[in-house]
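Report on the structure given below.
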Amino acid sequence: MDRAGDIRVIPLLCPGCGGRLPAGEDDVIFVCAPCASCWELADGSLARRELHHAGGAGDVRLPFWILPFQVTTREGSVATRAAFRSLAGSLPVGDTGSDSDLPNLFVPACSFPSPPRLVRAGRLLTLRQPAVVPVACRPGPIAPIVFNEKDARNMGETILLATVTEARKESFAFLESFSFRPGTGRLCTIPFERKDSKFYHPAMNLEL
Ligand SMILES: [Zn+2]
């Protein structure tokens, strides 16, 4: 049986500059070091992806999907940052965004040593609602991007639920009514300082 048609070898060369794209086993999106462009493998070919970089310094940039979202619970619809804070029981921390904007869900696009640490990283950033302002920069090392936007949407509900107070989650009716609707995601890197197996963001006073 001729199975040659079943196998396609895709040369991982940057369509922008022809440079070789670094590709780990689990990578789904590749960043070209020479020209800083970003490519996603989809349907057997490389499609360009926007990749933004938040300002700041660090040893490594962690990639996150930032998904604006709305969520409906039996208590009503949450479609603003202010309403999200009320749902999560959190206080505004160093946030420059408007309270009437859609809240953002932060979903890691890189792997973490364990699923609980991944959820925790997403939860902490989502509770902070940092205004991630992209800057034009030559990014330093970026942790491998192993989750695409679809993965992020699938993980989103778990991360969002992790931000909700335990008291609310004790109610089955609350959980049953919980309906999460993510909008179109942005892929963004945020610089962190690496210390042993942890990541620090001093300005946000955050340890992931
Ligand atoms: Zn390139």
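The values are calculated or read from the model by the stated rules, or taken from the named source; none is laboratory data. Keep in mind it's a predicted model, so treat the numbers as computed, not measured. All Cβ positions, even for glycine, are placed from backbone atoms using ideal geometry, and neighbour counts span all protein chains on display. These accessible areas exclude ligands, DNA and RNA; they are computed on the full protein's heavy atoms, side chains included. Shrake-Rupley method; radii C 1.70, N 1.55, O 1.52, S 1.80 Å.
Values for this structure:
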{"quantity": "So residue 71, is it surrounded by 21 or more Cβ atoms within 10 Å (Cβ to Cβ), in a strand (DSSP E or B), over 15 Å from the mean Cα position of the chain (by Cα) and not charged (D, E, K, R)", "calculated": "yes"}
{"quantity": "Residue within region 176-183 that is open to solvent by 30 Å² or more (accessible area, probe 1.4 Å), over 16 Å from residue 62 (Cβ atoms) and either of a type in the set (S, T, N, Q) or at pLDDT below 90 (or both) present", "calculated": "yes"}
{"quantity": "Any hit, region 81-96, residues being within 30 Å of residue 162 (Cα to Cα), part of a loop (DSSP other than H, G, I, E, B), more than 15 Å from the ligand (Cβ to nearest atom) and within 19 Å of the chain's Cα centre (by Cα)", "calculated": "yes"}
{"quantity": "Selected residue (criterion: nearest to residue 45 (Cα to Cα)) from residues of region 14-32 that are open to solvent by 80 Å² or more (accessible area, probe 1.4 Å) and either part of a strand (DSSP E or B) or touching a residue at least 40 places away in the same chain (Cβ under 8 Å) (or both)", "calculated": "20"}
{"quantity": "Those residues of region 84-96 which are modelled with pLDDT of 85 or more and either open to solvent by 30 Å² or more (accessible area, probe 1.4 Å) or more than 27 Å from residue 202 (Cα to Cα) (or both), in sequence order", "calculated": "86"}
{"quantity": "Residue ID - least open to solvent (accessible area, probe 1.4 Å), chosen from residues in region 38-49 that are away from the ligand (no atom under 15 Å from the Cβ) and assigned to a loop (DSSP other than H, G, I, E, B)", "calculated": "44"}
{"quantity": "Number of the exception - residue 35 against (1) more than 21 Å from residue 140 (Cβ to Cβ); (2) within 16 Å of the ligand (Cβ to nearest atom); (3) open to solvent by 40 Å² or more (accessible area, probe 1.4 Å)", "calculated": "(1)"}
